[in-house]
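Derivation of every value follows stated rules applied to the coordinates shown; laboratory data play no part. Owing to the predicted nature of the structure, the values given are computational and were not obtained by experimental measurement. Neighbour counts run over all protein chains shown; Cβ positions are idealised from the backbone, glycine included.
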Amino acid sequence: MACHGTDGKAEGVGLSLYGRTSQDLTDTLLAYKSGKKTGTIMDQHAKGYSDDELKRIALYFSQIK
């Protein structure tokens, strides 16, 4: 939450998740997990979750209003 904010609205250098679709977030997280996308820490975090868990995380952030 330090990077993306507790409500998905990043303050500072983190990327905001707010307003992104579940599919977009899922695709991004799975790309980090597979190594197709690299980052400073997200690729490492994503590898610690199952694909289903990443989909549920994406769904959660896509539903924040």
Label zone at LEU59, where the point sits 7 Å out along the Cα-to-Cβ direction: region 8-45 residues whose backbone N lies under 12 Å: 22-23
Between THR6 and ASP24, what is the label-point separation in nm under the 7 Å Cα-to-beta-carbon projection? 2.5
Using +1 on the beta carbon of Lys and Arg, -1 on that of Asp and Glu, and nothing else charged, what's the dipole of the chain about the Cα centre, debye to 20? 60
How many lysine pairs are close in the chain, with Cα atoms under 21 Å apart and the two 8 or more places apart or on different chains? 10
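If you average 1/r over all unlike Cα pairs in the chain and invert the result, what Kirkwood radius do you get in angstrom?
One over the average 1/r among Cα pairs gives 11.8 Å for the chain.
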Estimated vicinal HN-Hα couplings, Hz - region 54-63 in sequence order (Karplus 6.51, -1.76, 1.60; Gly, Pro = x): 5, 5, 5, 4, 4, 4, 4, 5, 6, 9
